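Undergrad: Structure provided below as structure tokens; questions to follow.
The values are calculated or read from the model by the stated rules, or taken from the named source; none is laboratory data. Since the structure is predicted, the reported quantities are computational estimates derived from the model, not experimental observations. With ligands, DNA and RNA removed, areas are computed over all heavy atoms of the protein, side chains included. Shrake-Rupley method; radii C 1.70, N 1.55, O 1.52, S 1.80 Å.
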Amino acid sequence: MSVAASEIATSTIRELVDANHILFDQGVVDGFGHVSVRHPDRPDRFLLARSMAPALVTEKDVLEFDFDGNPVQKDTPTAYLERFIHGEIYRKRRDVMSVVHSHSPSVVPFSVVSGVKLRPVCHMCGFLSEKGAPVFEIRDFAGPGSDLLITSGKLGAALADSLGEGPAVLMRGHGSTVVGGSLRQTVFRAVYTEIGARLQMDAMRLGPVTFLTEEETVGTTKTISTQYDRSWFLWLKAARNSAMSR
Ligand SMILES: [Zn+2]
């Protein structure tokens, strides 16, 4: 790796640490859940923390993996059980630069109620598919007695198939996985997937919901695509303030 390339990797690792802290502070992850980024110098690898609570991740906790979920360095600490989610999505989707897997609480109900799909109710959630986020049913691949986790490349590949070309896939009785073309965009989407789910449930309690049209999802996504830094730096400051008070 050249010096310049290694500097890029170092700044990417720093940003990945920030992403971990933001996602905890915004209520997307708790002790569980994880965020990865495609390696900036090696597109066939990704960076992901060792198995630990995201709020506590530091630069020295970030590991490099191949798409099979194997750590590149020898004698590494324990890795996340569900690292296969990340590798298989990067393998299938060349446009994806970052992946967030979480159990964010407002999203889970949409994974277990048939006939109600998570759909975009507001402009900040316009990236969500107008047709509704797909739901991955692990029983179709692991039978009726699994622990619901994505603990193999086979299950990761099935999840990646379920995600398709979209930005988010729900996982029945478990959580969701959100992807994007940059780390900041993916963090934005993970936060607003949780907010969108909450707003949709609030709206459904009031009455019939008017969702965004397909054209509106395109328009709102285009406008917001230049604005990710605005929320990123606010959320980062909030996460650092919260960490100082803990
Ligand atoms: Zn999980």
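Undergrad: Quick one: Cα centre-to-centre distance for segment 82-110 and segment 163-187, in angstrom?
TA: 5
Undergrad: I've got another one for you. Using just the alpha carbons, could you tell me how many Å³ per residue the convex hull of segment 1-111 encloses?
TA: 107
Undergrad: So what are the ³J(HN,Hα) numbers for segment 144-153, from phi and the Karplus equation (6.51, -1.76, 1.60; θ = phi - 60°), rounded to whole Hz, Gly and Pro as x?
TA: x, x, 7, 8, 6, 8, 8, 10, 8, x
Undergrad: Also, I was wondering about something else. Considering only protein heavy atoms, what per residue accessible area in square angstrom results for segment 158-246 with a 1.4 angstrom probe?
TA: 51
Undergrad: Given H placed 1.01 Å from N in the peptide plane, which residues other than close sequence neighbours of Met97 have an amide H under 5 Å from its amide H?
TA: Distant-sequence amide H within range of Met97: Gly180, Gly181, Ser182.
Undergrad: How large is ³J(HN,Hα) for each residue in segment 125-138, as worked out from phi by the Karplus curve 6.51 cos²θ - 1.76 cosθ + 1.60 (θ = phi - 60°), to whole Hz, x for Gly and Pro?
TA: With the stated coefficients, segment 125-138 comes to 9, x, 6, 5, 5, 4, 7, x, 5, x, 10, 8, 9, 5 Hz.
Undergrad: Can you give me the accessible area per residue for segment 1-144, using a 1.4 Å probe, in Å²?
TA: 46
Undergrad: Hey, can you grab everything whose amide H is under 5 Å from the amide H of Ala49? Only 5+ residues off in sequence or another chain; H modelled, so Pro and N-termini drop out.
TA: For Ala49, whose amide H was placed from the backbone, the distant partners under 5 Å are Val35, Leu63.
Undergrad: Using a 1.4 angstrom probe and counting only protein chains, how large is the accessible area of Met124 in Å², to 10?
TA: Answer for Met124: close to 40 Å² accessible.
Undergrad: How tilted is helix 3-25 with respect to the longest principal axis of the chain? Cα atoms for both, answer in degrees (0 to 90, nearest 10).
TA: Once rounded, the angle reads 40 degrees.
Undergrad: Here are some pairs, Lys131/Lys237; Lys60/Lys117; Lys92/Lys237; Lys131/Lys222; Lys74/Lys154; Lys60/Lys222; which of them have Cα atoms lying more than 30 Å apart in this structure? Provide the component values of the computation, followed by the final result.
TA: Details: Lys131/Lys237 35 Å; Lys60/Lys117 40 Å; Lys92/Lys237 34 Å; Lys131/Lys222 18 Å; Lys74/Lys154 24 Å; Lys60/Lys222 36 Å.
In this structure, Lys131/Lys237; Lys60/Lys117; Lys92/Lys237; Lys60/Lys222 lie more than 30 Å apart at Cα.
Undergrad: How far is helix 214-224 tilted off the main Cα axis of the chain, in degrees rounded to 10, range 0 to 90?
TA: Here the helix axis deviates by roughly 40 degrees.
Undergrad: Give the long-range amide H neighbours of Asp30: residues separated by 5 or more places, or on another chain, with amide H under 5 Å away, using H modelled in the peptide plane at 1.01 Å from N.
TA: His103
Undergrad: A further question on this structure: Rounded to a whole number, what % of the accessible area of the chain do carbon and sulfur atoms account for, probe 1.4 Å? Mind showing how you got there, number by number?
TA: Details: 6540 of 11820 Å².
In the chain, the share of accessible area belonging to carbon and sulfur is 55 percent.
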